[in-house]
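Below is one structure, written out as structure tokens; the observations come after it.
Readers should treat all values here as calculations from the given coordinates under stated rules, not as data from a laboratory. Note that the structure is predicted; figures quoted are calculated from it, not measured. Here the Cβ is made from the backbone with ideal geometry for all residues, glycine too, and neighbour counts use every protein chain on show.
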Amino acid sequence: MKLVYPVIMTNTGKDILVYVPAFNCNTQGKDYPEAIEMARDVISLMAIDYEDDGKELPKADLNIKASNDNDVVSLVDVDLLAYRKKYDNKAVRKNCTIPHWLNAEAERHGINFSAVLQEALQKKLMTK
């Protein structure tokens, strides 16, 4: 899922402080490119936590305005599926049932069941 949220960046003279109103959280970077990268990271992390907890994601208020001349308002895009692929790779055990003859034939050919299931699921999900 791809999302866009506004952020407010403030140059403190030392670094760039980033506030994400939708999630009421802050992060920072040494310069604007790093600040945007850190904003993308914190938004992705917060959104995934919301999803995993069954909470509805906050709506993005695209009418956010800078409160002073030192602030920069920017939109930051996030790709939650890409973020999960990159950082959420812990293995989860799943049991499935297949016919005996198929199991025997697959084992005879040295097929890795986990790899086949992962490939099939990825292919299936990419067509949606």
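Those helices (runs of 4 or more DSSP H) of the range 18-128 in which 3 or more residues are more than 14 Å from the chain's Cα centre (by Cα) and of a type outside the set (A, V, I, L, M) occupy 32-52, 100-108, 113-126. For the range 1-16, a residue qualifies if it is surrounded by fewer than 20 Cβ atoms within 10 Å (Cβ to Cβ), farther than 14 Å from residue 64 by Cβ and touching a residue at least 12 places away in the same chain (Cβ under 8 Å), and the qualifying residues are 1, 2, 3, 11, 15.
Does the range 79-92 contain any residue that is closer than 24 Å to residue 45 by Cα, out of contact with any helix residue (DSSP H, G or I) (no Cβ under 9 Å at 6 or more places or on another chain), surrounded by 10 or more Cβ atoms within 10 Å (Cβ to Cβ) and of a type outside the set (Lys, Arg)? No, every residue in the range 79-92 fails to be closer than 24 Å to residue 45 by Cα, out of contact with any helix residue (DSSP H, G or I) (no Cβ under 9 Å at 6 or more places or on another chain), surrounded by 10 or more Cβ atoms within 10 Å (Cβ to Cβ) and of a type outside the set (Lys, Arg).
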